[in-house]
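What follows is one structure encoded as structure tokens, with my remarks underneath.
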Amino acid sequence: MPPSDSDGSLRPITFIVLGLLVTAGPQTSYELRRNVELSVAFFWQVPRSQLYAEPQRLVTLGLVSATQEEIGRRRRTFAVTDAGREELVRWLGEPAEASQHRDPAMLKLFFMDAAPELIEPLARRRVEELSGTLRFLEQPGLGGVQPSHLRVLTWGRATVRANLAFWRSVLDDLGGER
């Protein structure tokens, strides 16, 4: 019997690893980390250490297989097993939990009446950060060819554009307060 969420064996990192192995094929932990940085990290933060430990843990659960190079750097390449694919499909069929949004800049802005002089530097930093993120997300060819990846990329671009418009409006409002 495959492990289940109820016994604590499977968690979001599990499904990130399984999903990347299904959609992008066999990968080393380094390749998984890089693919996370270019994809799900924009909406789901993953500690790097988990991307190195989780594939090996999934091998012990029978959800992933591993092959190791005989010579050279002896890298391990991970691939999803049939049981891993079945577990991913089972999870995909479950209702999604309510989304959680954590934005440290928004939290600071909420309390900024305690130091209103800090609003402008905060807003300028966010405009700069979001502008860079949007430039990255709007690169031609980003997102590959997977339809669901492209849908999430469209959502990411729209979300960043909306956040950027908000922080620009904060700067515009500050101009009127002077």
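The values are calculated or read from the model by the stated rules, or taken from the named source; none is laboratory data. Since this is a predicted model, take the numbers as computed values, not measurements. FYI the Cβ positions are ideal-geometry reconstructions off the backbone, even for glycines, and counts take in every protein chain you see. Note: accessible area is taken over every heavy atom of the protein model, side chains too, but ligands, DNA and RNA are not part of it. Shrake-Rupley method; radii C 1.70, N 1.55, O 1.52, S 1.80 Å.
For region 53-178, with equal point scatterers placed on the C-alpha atoms only and solvent neglected, what are the log10 I(q)/I(0) values from the Debye formula at q = 0.10, 0.15, 0.22, 0.23 1/Å, to two decimals?
The computed values of log10 I(q)/I(0) come out as -0.60, -0.93, -1.21, -1.25.
So what's the gap between the Cα centers of region 59-112 and region 35-54, to the nearest angstrom?
8 Å
Given an 8 Å cut-off on Cα distances and at least 6 residues of separation, report the relative contact order of region 23-137 as a percent.
Relative CO of region 23-137 lands at 19 percent.
At 1.4 Å probe radius, can you tell me the per residue accessible area of the chain in Å²?
Solvent-accessible surface per residue comes out at 66 Å².
Per 10 Å bin, what percent of the C-alpha pairs of region 13-52 does each bin hold, from zero upward?
Calculated P(r), rounded to whole percents: 33, 64, 3.
Tell me, what are the semi-axes, in whole angstrom and largest first, of the equivalent ellipsoid of region 1-108 as set by the roots of 5 times the Cα gyration tensor eigenvalues?
Ellipsoid half-lengths, sorted descending, are 25, 19, 11 Å.
Placing unit charges on C-beta atoms (Lys and Arg positive, Asp and Glu negative, everything else neutral), compute the dipole magnitude of the chain about its Cα centre in debye, rounded to 20.
500 debye
About its Cα centre, what dipole magnitude does region 29-124 give when the only charges are +1 on Lys and Arg Cβ and -1 on Asp and Glu Cβ, stated in debye to the nearest 20?
In total the dipole reaches around 460 debye.
Give the carbon-plus-sulfur fraction of the accessible surface of the chain in %, rounded to a whole number; probe 1.4 Å, heavy atoms of protein chains only.
C and S fraction of accessible area: 57 percent.
Putting +1 on Lys and Arg Cβ atoms and -1 on Asp and Glu Cβ atoms, find which of 61, 27, 93 reaches farthest to the positive end of the dipole of the chain.
27
How large is the charge dipole for region 96-175, taken about the Cα centre, if only the Cβ atoms of Lys, Arg (+1) and Asp, Glu (-1) carry charge, to the nearest 20 debye?
Using only the charged Cβ atoms, the result is roughly 340 debye.
Over region 132-178, what lengths in whole Å, largest first, do the semi-axes of the equivalent ellipsoid take, defined as the square roots of 5 times the eigenvalues of the alpha-carbon gyration tensor?
Each semi-axis is √(5λ); the values are 31, 10, 4 Å.
So for region 25-84, considering every pair of alpha-carbon atoms, how many percent are separated by more than 20 Å?
So the pairs more than 20 Å apart make up 27 percent of the total in region 25-84.
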